[in-house]
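In what follows, a single structure is set out as structure tokens and then discussed.
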Amino acid sequence: MELINFKVGCKTISLKILDILLTERFDNNLTTLPNNNKSFIGVKDYMDIPTPVFDLGIILNNISTEQSNAHILKQLRIWQEKLLNWFNTLQSNLLNSSASISSNDAELQDFILFYKEFNTDNEDLKLTMSRLNEPFQSLLETVKEAISAHNQSDYKQVSALLEKIKRSNLIQLERLFESAKEQITLDYKPIIVFTTKDGLNPHVGLLVDKVEDNIDYKKEDIKPLDKLTEVGFDLDPQTKNMMRGLIKLPQKHSVLIDPSVIFKPTQIEESESEETQAYGLF
């Protein structure tokens, strides 16, 4: 049976190709309705059939990719501003103060942790974040030289070193910050996957980040989740019921999902438990 893999935040999920009617770009043009389900984002017409659309990121990750991206963008903007403010304050002290100045970069140690521990599946963004280290460490070293020159009253050298930082390190860091923010924004092009239970009519739409690839699976490729969900996994019933197993990929696993049971009423779920558990796998 053929599967299609989709990216949802840091997870990869698989859907049977027979469960998919269509995929289309999400243009944020859904009709919203009053509801208490945080993953329900609206209704979209598919062949004149109003179809509910759910954010699979919220279902699986408890946060939408859009919200996650917004959080990262906010962190980048905060650090970009904090770094500039830190340097401006230091520069003012170096140029205007005759008192001895010590290197005070302790507040920036969290920034080093931020970019060194930054985790993403976006290879371009990962590379950009790793490239922050060289100009930042160079900036810190040059700042130490400027402070040393200041404490020796070599103000001409102080000015030269400050200009070097502004022309080189700060410009490089600014470009990398802007590049990282651009990659986060441009990389997010979510799509709606319209699913079906009968091959003709839409069931629900699922918001995912992007299409990954397609694979053929065999019975031995599917690893059941029974043992995993029995030990220490706090999954809500709906999420647990729609997860059918794990599929081994080259460097990770994909979660096989049965979209037909998403938000199915409990009483119907129980009456069809045998059918949904089998999900045509065996």
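Read-outs: derived from the displayed coordinates by stated rules, not from any lab. In this text the structure is predicted, and so the values were computed from the model without any measurement. A quick note on method: Cβ atoms are made from the backbone with ideal geometry, for glycine too, and the neighbour counts reach across all protein chains shown.
Summary of values
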quantity: Mean separation of Cα contacts under 8 Å (6+ apart) over length of the chain, as relative contact order %; calculated: 28 percent
quantity: Only Lys, Arg (+1) and Asp, Glu (-1) charged, at Cβ; the chain dipole about Cα centre in debye; calculated: 860 debye
quantity: Rounded FRET efficiency, nearest 0.05, which uses the C-beta distance separating Lys74 from Glu174 and R0 of 25 Å; calculated: 0.90
quantity: Anisotropy class of the chain from Cα gyration tensor, a/c 1.5 cut; calculated: prolate
quantity: Alpha-carbon centroids, the stretch 142-176 and the stretch 54-117: separation in whole Å; calculated: 21 Å
quantity: Long-range HN-HN contacts of Thr12 with modeled amide H, under 5 Å; calculated: Val255
quantity: Neighbourhood charge, 15 Å Cβ-Cβ cut-off, centred on Lys218 and excluding it, Lys, Arg +1 and Asp, Glu -1; calculated: +1
quantity: Charge-dipole axis of the chain as Lys and Arg at +1 and Asp and Glu at -1 on Cβ define it, positive-most pick from Ile4, His71, Ser159; calculated: Ser159
quantity: Within the stretch 66-187: Cβ-based charge dipole about Cα centre, in debye rounded to nearest 20 (Lys, Arg +1; Asp, Glu -1); calculated: 420 debye
quantity: Simple label model, 7 Å out from Cα along Cβ direction - Met47 to Glu145, nm; calculated: 6.9 nm
quantity: Dipole of the stretch 66-187, positive direction: furthest Cα of Leu186, Ala106, Thr120, with charges on the beta-carbon; calculated: Ala106
quantity: Computed [θ] at 222 nm, deg cm²/dmol, the chain (DSSP H ≥ 4; -39,500 (n - 2.57); rounded to nearest 500); calculated: -13500 deg cm²/dmol
quantity: Ile112 versus Ser97: modelled label distance in nm, points set 7 Å from Cα along the beta carbon direction; calculated: 2.2 nm
quantity: Reachable aspartates and glutamates from Lys223, criterion Cα separation under 16 angstrom, eight or more residues apart if same chain; calculated: Asp258
quantity: Dipole axis of the stretch 66-187 (+1 Lys, Arg; -1 Asp, Glu on Cβ), positive-most option in Ser97, Trp86, Leu140; calculated: Ser97
quantity: Pairs from Lys44/Lys126; Lys116/Lys156; Lys44/Lys197 whose Cα-Cα separation, in the structure shown, is over 23 Å; calculated: Lys44/Lys126; Lys116/Lys156
